[in-house]
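Student: Please read through the structure below; I'll follow up with questions.
The values are calculated or read from the model by the stated rules, or taken from the named source; none is laboratory data. Computed from a predicted structure; not experimentally measured. Reconstructed Cβ throughout: ideal geometry from the backbone, glycine too, with neighbour counts over all protein chains shown.
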Amino acid sequence: MQKALMLCIATAALGLPLLVVGCQSGVPVDRFDELKAQRGRLVSEKEALEARIKELHETMAALERDLSNLARIRSERDRIAADLAAKQRELSELERRLADQKSENERLRDELVRSGFSAKLLGGGVAVPLSGDILFDSGKTFIKKEGKLALQNLQEGINKVLKAGKFDIDFIRIDGHTDTDPIKHSAAKFDDNWTLGAARANAVRRYLRELGGWEQYRISIASYAYTVPVDPADTKEAKAKNRRVEIYLVPRPRKN
């Protein structure tokens, strides 16, 4: 210790600036290592901050993508909501029209029944059946005398109901129905019950046109053969019921 102090005194006396650091306490302090350690800490903190900045940038990019997706989803949602509202309005209008049609069908059915017809609701209209045995002989399509009279009375009666009730008829269809007995090809002009049903329906259509009074209506024909029986039993009585022609009337709903 004494030698070190003497060395410092001697150096100072000679005016030399060397070895001043550390001479005060006699314990050397390595500032270079301290600065290196401080630099290492700062580098680590800088790298941590850079990593955090990168992470935040990635988070911001993800949020921006999410915002873009959110805007697209909201646009899609708004479009679907508008479509849904339009469909709901369309459905409400259709339900109203169906209810109006059902109400008018029921009104026509009730008025026909009150006038003595055996009318029934069928699909979107009202069917008035007429026995095929009254109209035709077996396997024939020529309308018998009593059949023509029955058709005249039917048309007159229906016209009275339509006029009294102020019904507006959209169209009329003549439906031909047969029993399940097969056509005897050796004596018949028809291949099967389908063609027989269609021919009988068409014969009724032509005769109703001849009577006049329904010129303003659209009239068509259809054949159901044996596929829509009134009575499915395999008896003479059931088959007689199934051989029929039906006048199918479709009224337009009344305007409010």
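Student: Being modelled with pLDDT under 85, loosely packed, with under 10 Cβ neighbours inside 10 Å and outside any helix (DSSP H, G or I) is true for just one of Gly26, Gly15. Which residue is that?
Tutor: Working: Gly26 fails: loosely packed, with under 10 Cβ neighbours inside 10 Å.
Answer to the selection: Gly15.
Student: Looking only at the range 114-143, which residues are part of a strand (DSSP E or B) and either touching a strand residue (DSSP E or B) at 6+ places or on another chain (Cβ under 7 Å) or buried (at least 19 other Cβ atoms within 10 Å of the Cβ) (or both)?
Tutor: Initially, the range 114-143 is screened for residues part of a strand (DSSP E or B), giving 120-122, 125-131.
Passing the criteria: Lys120, Leu122, Gly125, Val126, Ala127, Val128, Pro129, Leu130, Ser131.
Student: For Leu151, only one of the following conditions fails: (1) assigned to a helix (DSSP H, G or I); (2) among the hydrophobic types (A, V, I, L, M, F, W, C); (3) free of Cβ contacts under 8 Å to residues at least 60 places away in the same chain. What is its number?
Tutor: (3)
Student: Looking at Ile247, Ile221, which is the one that is among the aliphatic types (A, V, I, L, M), in contact (Cβ under 8 Å) with a residue 60 or more places away in the chain and outside any loop (DSSP other than H, G, I, E, B)? Reasoning before the result, please.
Tutor: Numbers: Ile221 fails: in contact (Cβ under 8 Å) with a residue 60 or more places away in the chain.
Unique residue meeting the criteria: Ile247.
Student: Could you check, for the range 190-210, whether at least one of its residues is of a type in the set (A, V, I, L, M), surrounded by fewer than 15 Cβ atoms within 10 Å (Cβ to Cβ) and not in a strand (DSSP E or B)? Steps first, please.
Tutor: From the range 190-210, those of a type in the set (A, V, I, L, M) are 196, 198-199, 201, 203-204, 208; that's our starting set.
Then keep just the ones that are surrounded by fewer than 15 Cβ atoms within 10 Å (Cβ to Cβ); that gives none.
Taking every residue of the range 190-210 in turn, none turns out to be of a type in the set (A, V, I, L, M), surrounded by fewer than 15 Cβ atoms within 10 Å (Cβ to Cβ) and not in a strand (DSSP E or B).
Student: Go over the candidates Ser92, Ser115 one by one and state the one that is within 16 Å of Pro251 (Cβ to Cβ), of a type in the set (S, T, N, Q) and either modelled with pLDDT of 90 or more or in contact with a Gly (Cβ under 6 Å, 6 or more places away or on another chain) (or both). Show your work before the answer.
Tutor: Working: Ser92 fails: within 16 Å of Pro251 (Cβ to Cβ).
Step by step, each of Ser92, Ser115 is checked, and only Ser115 is within 16 Å of Pro251 (Cβ to Cβ), of a type in the set (S, T, N, Q) and either modelled with pLDDT of 90 or more or in contact with a Gly (Cβ under 6 Å, 6 or more places away or on another chain) (or both).
Every residue, every condition in (1) touching a residue at least 24 places away in the same chain (Cβ under 8 Å); (2) closer than 29 Å to Lys145 by Cβ; (3) not charged (D, E, K, R), yes or no:
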position: Ile73; (1), (2), (3): no, no, yes
position: Ala82; (1), (2), (3): no, no, yes
position: Ala85; (1), (2), (3): no, no, yes
position: Leu108; (1), (2), (3): yes, no, yes
position: Ser118; (1), (2), (3): no, yes, yes
position: Gly132; (1), (2), (3): yes, yes, yes
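Student: Out of Glu146, Glu111, Glu104, report the one residue that is surrounded by fewer than 14 Cβ atoms within 10 Å (Cβ to Cβ), among the acidic types (Asp, Glu) and in a helix (DSSP H, G or I).
Tutor: Details: Glu111 fails: surrounded by fewer than 14 Cβ atoms within 10 Å (Cβ to Cβ); Glu104 fails: surrounded by fewer than 14 Cβ atoms within 10 Å (Cβ to Cβ).
On inspection, the qualifying residue turns out to be Glu146.
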